Each structure stands twice: as structure tokens, then as C-alpha cells.
Amino acid sequence: MNRAQLTWVFFSFSGRVSRAPYFLAGLLLGLFQMFAFYRFLLAPEGSDTQAFWEGLLLAILVVSIWSHLALAAKRLHDFGKPGVLAILLFIPVVSILAFIALCLYPGDEAANKYGERTNAPA
């Protein structure tokens, strides 16, 4: 996968993405978040190391929020729904259910108004 494809998967809101790439990208983002949080917790309180991991964790969380929204919008596009429904990921209990539903619900086989084929930009 080249840089343009990675940029599209994680940061673009156009096109469609299928279940497996959505799940795997979400899992990767979660691993980055958990690793930074783990390292933050291990650092001695009040140290420069803790400040570094705190800043990195904050940066990862900001990028992850954008990426999760972009992924969810593309996943919703895959079965013909508007990407604005991705805002459901911000409702605490609904977010888990929405993620599971997006991982399990099959997309459209044929072209729809969001793209000719899945796993490609519009």
C-alpha cells in the first residue's frame, strides 16, 4: 500500500470501504492509542517522559478521532448511507454498537452514489 492509499484510508471522507479494512484500520488506531496510554501510565509522575507521552497521546487521539470519522463515513457510504451518521461514534454506548454494526453489515455489491466500487476513492 502506498502513501496515497494510506492517506485516503485514514483521512479522506470520499469513497467506500468494506468491512475488513474498516475493522483492521480501527484496530490499528486502537493499538496506537493503547500503546501511548500504556507508556504514559508507566512514566514517573511529573517527569519529562510523562510529559512527552502525554503530548504524544493527545496527538494520537486527535488524529484517531479524525480517522475514525473518515473510516465510518466511508463505511456508511459502502451501503448507501450518508457519512454524517458517523457522528454516532461520539455517543458512548452507541459508539460500540455502531462500530460492531459497521463491521458486520455487508456493503452494496454494485455501484452506488458514493462510488463505483468498494475500497476506492469516489
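Values quoted throughout were computed directly from the atomic coordinates according to the rules given, and no laboratory measurement underlies them. All figures in this text were calculated on a predicted structure; none of them were measured in a lab. Here the Cβ is made from the backbone with ideal geometry for all residues, glycine too, and neighbour counts use every protein chain on show.
FRET efficiency for the pair N2 and E45, taken as 1/(1 + (r/R0)^6) with r the Cβ-Cβ distance and R0 = 41 Å, rounds to 0.45. Average 1/r across all pairs of distinct alpha carbons in the stretch 36-100, invert it, and you get the Kirkwood radius: 13.5 Å.
Can you list the DSSP H helices in the chain whose Cα atoms extend at least 27 Å along the helix axis and whose mean Kyte-Doolittle hydropathy is -1.0 or higher?
19-42, 48-78
What does the charge count around A72 come to, taking other residues whose C-beta lies under 15 Å from its C-beta (Lys +1, Arg +1, Asp -1, Glu -1)? Let's see the in-between values first.
Working: positive: R16, R19, K74, R75, K81; negative: D78.
Summing Lys and Arg as +1 and Asp and Glu as -1 gives +4.
Sort E116, E54 by Cβ crowding within 10 Å, fewest neighbours at the top.
E116, E54
Highest GNM mean-square fluctuation among L41, L69, L58, for the chain modelled with Cα contacts below 10 Å: L41. Separation of the stretch 74-96 from the stretch 1-50 is 18 Å, based on Cα centroids. Each 10 Å bin from 0 upward holds the following percent of the Cα-Cα pairs of the chain: 14, 40, 28, 13, 5, 1.
What does the helix-only formula give at 222 nm for the chain: each DSSP H stretch with n ≥ 4 adding -39500 (n - 2.57), the total divided by the residues, and the result rounded to the nearest 500 deg cm²/dmol? Don't skip to the answer; put the middle values down first.
Working: 4 runs with 77 residues, N = 122.
Counting only the DSSP helices, I get -21500 deg cm²/dmol.
Between V63 and I87, full extension at 0.36 nm per residue minus the direct alpha carbon distance yields a gain of 7.1 nm. Among G15, G26, G46, the largest mean-square fluctuation in a Gaussian network model of the chain (Cα springs under 10 Å) belongs to G46.
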